[in-house]
Amino acid sequence: MDVLPRLTPEKLASLPPGTRIKFGGQIVKLVGRGTLVNAAGRTETIIEYTDSRGVNGSFEEKIFLQTATQYLNSVRCDMCGQLRDKRDCEVKVVETYMTRSNGYFCQDSKCADRYFLIHPNQKPQPGRRKW
């Protein structure tokens, strides 16, 4: 039940084009890196990718590294934000005013218990839902 390591700029630079990366909730193919001079005159590193629909996209490297991982089967804990393998997480129903969704929580650190202590109104209620 280890925390999966995040992508580093060095690791991202060493990945060849065409590598599949999980970016947020979708799996994308890495196209390459480039530089861009913004309006303030600063040079930014841009990561270019192609998503599953074939649409090209790009993000600044800092933003890309915050949400991307090379582990395609990983999920982010809804409480602590750590990357974990799906088998190391427990799935709990999170209920809001209008929706129900599955939340992923770390099994070993009891993140689900802490999450529902902080957000008691999002714990699923038994019985029929009342809108």
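The values are calculated or read from the model by the stated rules, or taken from the named source; none is laboratory data. The shown structure was predicted, so the numbers you read here are calculated from the model rather than taken from an experiment. Positions of Cβ are backbone-derived with ideal geometry, glycine not excepted, and every protein chain shown enters the neighbour counts.
Before moving on, here are some points about what is shown:
- Boolean, L117 is under 15 Å from I21 (Cα atoms) and not assigned by TED's automatic domain parsing to the domain that holds G34: no
- Selection status of V75, aliphatic (A, V, I, L, M) and under 15 Å from K22 (Cβ atoms): yes
- Region 62-80, residues that are crowded, with 17+ Cβ neighbours inside 10 Å and either in contact (Cβ under 8 Å) with a residue 60 or more places away in the chain or more than 25 Å from Y115 (Cα to Cα) (or both): F64, L65, A68, T69, Q70, S74
- For L83, the criteria (1) surrounded by 14 or more Cβ atoms within 10 Å (Cβ to Cβ); (2) out of contact with any Ser or Thr (no Cβ under 8 Å at 6 or more places or on another chain); (3) not β-branched (V, I, T) hold in every case but one, which is (2).
- Cross-chain or 6+ apart pairs with Cβ under 7 Å, region 86-98 first and free of Cβ contacts under 8 Å to residues at least 60 places away in the same chain and in the same structural domain as I118 (by TED's automatic domain parsing), then of a type in the set (V, I, T) and not in a helix (DSSP H, G or I): K86/V75; C89/V75
- Hey, I27 under 19 Å from the mean Cα position of the chain (by Cα) and surrounded by 15 or more Cβ atoms within 10 Å (Cβ to Cβ) or not: no
- Matching option when the condition is touching a helix residue (DSSP H, G or I) at 6+ places or on another chain (Cβ under 8 Å), over 28 Å from L15 (Cα atoms) and in a strand (DSSP E or B), among F116, F105: F105
- Pairs linking a residue in region 27-41 that is within 24 Å of T69 (Cβ to Cβ) to a residue that is of a type in the set (F, W, Y) and modelled with pLDDT of 90 or more, with Cβ atoms under 8 Å and 6 or more positions apart or on different chains, are V28/Y49; K29/Y49; L30/Y49; V31/Y49.
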